[in-house]
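> Here it is, the structure, as structure tokens.
The values are calculated or read from the model by the stated rules, or taken from the named source; none is laboratory data. Nothing here was measured: the structure is a model prediction, and the numbers come from that model. Glycine also receives a Cβ, built like all others from the backbone with ideal geometry; neighbour counts cover every protein chain displayed. The area values use the complete protein model at the heavy-atom level, side chains included, leaving out ligands, DNA and RNA. Shrake-Rupley method; radii C 1.70, N 1.55, O 1.52, S 1.80 Å.
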Amino acid sequence: MAKAKRLCAALLLAGTLGGCATSGGNQADPLEPFNRAMFSFNDAVDGAVIKPVARGYRAVVPGIVRIGVSNFFSNLDDVWISVNNVLQGKFQEGFGDFTRVLFNSTFGIAGIFDFASDVGMEKHNEDFGQTLGWWGFGSGAYLVLPVLGPSTVRDGFGLLLDTQADLVFQIDGVPVHNSLYATRAISKRANLLDASSVIEQAALDKYAFIRDAWLQRRLDLVYDGDPPREREEPDNDPPK
């Protein structure tokens, strides 16, 4: 609950700052000075703590165990993914997600094995931020959250409900669910080690590269890979 309150306060502050900010080089990023500062902070924390732990995790834990850990948390995620698909009116996809949970929780031994994917059941990616987008809520300004990273004002508020609905969050006992949170975060970071190395080598402006890629991916997710075309600017040149 305290985590949700801190996130809510950060979003309200961001909304206030966004209302005072002037549009800069990127209209989707009016908070760019703040976001760059927060990005630098997150990058420093990642380099000093999170990335070394993820590297150690990948070096010590066998690959088959890491896959099982990732599958376990992915199976828990499918429960909330199913709910969000239903909230978006995609009942067939929601039923498929729920069926994935049943199959993986039983035949996949508590989700350690992704039996559902092996038999052709599609894995989806939905959260409440996407549901808000499907309902027509605009994304609002791009926002870099402390430690959590890229987001938008809309997706940040969506994250509040995502956090409350998280099955790990519902587990009694702070030490237990904190340990599970940490394990999931390390597992996800370990899975992204190769991708982050490519970004660091290829991007001249790492902040802008991640921002633009993240915003495009979120747009694709909200519209299930078929986002509306951007309105073309009118041609104001005089006819020749």
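> Relative contact order, percent, of the range 63-108 when contacts are C-alpha pairs under 8 Å separated by at least 6 residues? It would help to have the intermediate numbers written out before the result.
Details: 27 pairs, mean separation 16.6, N = 46.
It rounds to 36 percent for the range 63-108.
> Right, something else. Which value, in debye to the nearest 20, describes the size of the charge dipole of the range 95-153 about its Cα centre when Lys and Arg Cβ atoms bear +1, Asp and Glu Cβ atoms bear -1, and nothing else is charged?
Numbers: 2 positive and 6 negative charges, 22 e Å.
The calculation lands at about 100 debye.
> I want the local charge near Ala59. Using Cβ-Cβ distances under 15 Å, sum +1 for each Lys or Arg and -1 for each Asp or Glu among the other residues.
Summing Lys and Arg as +1 and Asp and Glu as -1 gives +4.
> Multiplying the sequence separation of Phe91 and Glu200 by 0.36 nm and subtracting their Cα-Cα distance, what value in nm do you get?
Value of the extension gain: 35.2 nm.
> Here is a follow-up. Is there a quick way to get the dipole size of the range 147-217? I mean about its Cα centre, with the Cβ of Lys and Arg at +1 and of Asp and Glu at -1; what is the value in debye to the nearest 20?
So the dipole magnitude of the range 147-217 works out to roughly 60 debye.
> Right, next: Write down, largest first, the equivalent ellipsoid semi-axes of the range 118-240 in whole Å, where each equals the square root of 5 times an eigenvalue of the alpha-carbon gyration tensor.
Square roots of five times the eigenvalues give 33, 20, 16 Å.
> For the range 42-90, what class follows from the C-alpha gyration tensor (a ≥ b ≥ c being the square roots of its eigenvalues): rounded when a/c is under 1.5, otherwise prolate if a/b is larger than b/c, else oblate?
oblate
> Once each part is reduced to its C-alpha centroid, what is the distance from the range 24-64 to the range 90-133 in angstrom?
28
> A further question on this structure: Taking the Cα centre of the chain as origin, sum charge times position over the Cβ atoms of Lys and Arg (+1) and Asp and Glu (-1), and report the length of that vector in debye to the nearest 20.
Numbers: 22 positive and 29 negative charges, 172 e Å.
That gives a dipole near 820 debye.
> With r as the distance between the Cβ atoms of Thr99 and Arg217 and R0 = 25 Å, compute the FRET efficiency 1/(1 + (r/R0)^6) and round to 0.05.
0.45
> Using only helices, what value at 222 nm comes out for the chain when you add -39,500 (n - 2.57) per DSSP H run of length 4 or more and divide by the total residues, to the nearest 500 deg cm²/dmol?
Helix-only estimate at 222 nm: -20500 deg cm²/dmol.
> Could you tell me which residue out of Val79, Val60, Gly149 lies farthest along the dipole of the range 33-165 toward its positive end? Charges go on the beta carbon: Lys and Arg +1, Asp and Glu -1, centred on the Cα centre.
Value computed over the given set: Val60.
> In Å², what does the accessible area per residue of the chain work out to with a 1.4 Å probe?
60
> Using a 1.4 angstrom probe with every protein chain in place, what is the largest-first accessible-area order of Ser151, Ser105?
Numbers: Ser151 5, Ser105 55 Å².
Largest to smallest exposure gives the sequence Ser105, Ser151.
> Pop a pseudo-label 7 angstrom from the Cα along the beta-carbon direction at both Asp224 and Arg55 and give the gap in nm to one decimal.
For Asp224 paired with Arg55, the spin-label model returns 4.2 nm.
> Near the amide H of Thr152, under 5 Å away, which other amide H atoms are found, from residues 5 or more places off or on another chain, if H is placed in the peptide plane?
Leu143
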